[in-house]
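Q: Below are the structure tokens for one structure; questions will follow.
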Amino acid sequence: MNDNQRECPECGKILTYSSAKDMRYIDKQGRLCHSCAGKKNDNKRNKWNLHKIDGEWKRNCPECNKSMIYASKNSLTKAVRTDSMCGSCSLKGDRSSFFGKSGSKNGMYGKNLHDI
């Protein structure tokens, strides 16, 4: 190996760089070769349960396991990062905006439709 080469920490493949400075910088960060980095990204995608079925991006609700459909991969990725739930689960129990607001605590208590 010469000064501009290093081994991938994962698979041992010899990687060649245009300058020794670039090689030292990347080696210090412990980066993998393209093929090993791609495998790690595939594993992460599978961990999040992202998959495209019949041309639609789908994911399961973490609460009830109901299938949810997204318009784009970006919206699906955002939903995974924020761990969002389906509409019915997001309004259950203490997540509801009316949780604990019964009787006089409810904004509509004692009002008729004509009062609105």
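Q: Would you mind ranking H34, H114 by Cβ crowding within 10 Å, fewest neighbours first?
A: Details: H34 11, H114 5.
Starting with the residue having the fewest Cβ neighbours, the order is H114, H34.
Q: May I pose another question? Which whole-Hz couplings ³J(HN,Hα) result when phi for each residue of the stretch 2-17 is put into the Karplus expression 6.51 cos²θ - 1.76 cosθ + 1.60, θ = phi - 60°, listed in order with x for Gly and Pro?
A: After applying 6.51 cos²θ - 1.76 cosθ + 1.60, I find 9, 5, 9, 10, 8, 9, 5, x, 8, 10, x, 5, 7, 10, 10, 10 Hz.
Q: Also, quick follow-up: Angle, helix 34-47 long axis vs. longest principal axis of the chain, Cα atoms, 0 to 90°, nearest 10?
A: Roughly 20 degrees between the two axes.
Q: Let me ask another. How big is D, in µm² s⁻¹, for the chain by Stokes-Einstein at 10 °C and 1.306 mPa s if Rh is the Kirkwood radius over C-alpha pairs? Mind showing how you got there, number by number?
A: On the way: Rh = 19.3 Å.
So the translational diffusion coefficient is about 82 µm²/s.
Q: Only Cα pairs under 8 Å and at least 6 apart count here; give the relative contact order of the chain as a rounded whole percent.
A: Numbers: 90 pairs, mean separation 14.0, N = 116.
Answer for the chain is 12 percent.
Q: Related question: Give a residue-ordered list of calculated ³J(HN,Hα) values for the stretch 68-78 (Karplus: 6.51 cos²θ - 1.76 cosθ + 1.60, θ = phi - 60°; whole Hz; x for Gly, Pro).
A: Using θ = phi - 60°, the values come out as 10, 10, 10, 6, 9, 5, 5, 5, 5, 4, 5 Hz.
Q: With only Lys, Arg, Asp and Glu charged, each at its Cβ (+1 for the first two, -1 for the last two), find how big the charge dipole of the chain is about the Cα centre; round to the nearest 20 debye.
A: Numbers: 23 positive and 12 negative charges, 27 e Å.
Dipole magnitude for the chain comes out near 140 debye.
Read-outs: derived from the displayed coordinates by stated rules, not from any lab. As the structure is a computational prediction, the values presented were derived from the model and not from experiment. We place every Cβ from the backbone using ideal geometry, glycine too, and count neighbours over all the protein chains shown.
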